[in-house]
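Okay, structure first, notes after.
We did not get these values from a lab; they are worked out from the coordinates using the rules stated. Worth saying up front: this structure is predicted, and the values here are computed from it rather than measured. No Cβ is skipped: glycine too gets one built from the backbone with ideal geometry, and neighbour counts run over all protein chains shown.
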Amino acid sequence: MYGPERLLHDLGEMGYGAERVTGADGNVYAVIRGFVVPVGRFADRVIDLGLLAPQDYPRNVGSSIHVRATPQLLEYGYVAEVRNIIVSGLGPEWRYWSHNFGWGTGERSTRRLISQVNSIFAHA
């Protein structure tokens, strides 16, 4: 199984109630509503987390996370070597946090993807 269905299935197996959402940009996302940030300065904040769900997932993975929070965790902006937050394809209430999840030679799994997401929050 590949694509959004695989990502949604894997997230479900991990206990996340993710849903398939088509963004205003036409891309498909797995959205986890009520995601509790586990680490970092935003630990324990409850947000909605969007993950791009490529048609060939897990061969390829999206390059960012999409965050919706009230109030927002971080606003738009660029900090060299730290973060780049821009408009999200999910809509104006979302923020796209640019990050390269490149699989490289490691395991291509949703467990690893969530680990990388948590690393983003640990270093935000």
For this session: Rounded to the nearest Å, what's the spacing between the alpha carbon centres of region 1-19 and region 36-103? Just the number, please.
Result: 18
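For the chain, what relative contact order do you get, as a whole percent, if you take Cα pairs closer than 8 Å and at least 6 residues apart?
Details: 234 pairs, mean separation 29.1, N = 124.
Relative contact order of the chain: 23 percent.
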Problem set entry | Distance (nanometres) between label positions extended 7 Å along Cα→Cβ at THR105 and VAL82 | 3.3
Seminar exercise, completed: Tilt, helix 4-13 to longest principal axis of the chain (alpha-carbon atoms), in degrees rounded to tens, equals 80
Exercise. What number comes out for the charge environment of VAL67, summing +1 per Lys or Arg and -1 per Asp or Glu over other residues with Cβ under 13 Å away?
Worked result: +2
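Sorting check: for 108-117, 38-47, 70-79, which peptide has the highest mean count of neighbouring beta carbons within 10 Å, and how do the rest follow?
On the way: 108-117: 16.4, 38-47: 13.6, 70-79: 11.1.
Put in order of decreasing packing, that is 108-117, 38-47, 70-79.
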Exercise. Regarding the chain, what is the average projected area of its C-alpha convex hull, in nm²?
Worked result: 7.2
Exercise. In degrees, nearest 10, range 0 to 90: what is the angle between the Cα axis of helix 110-122 and the longest Cα principal axis of the chain?
Worked result: 10
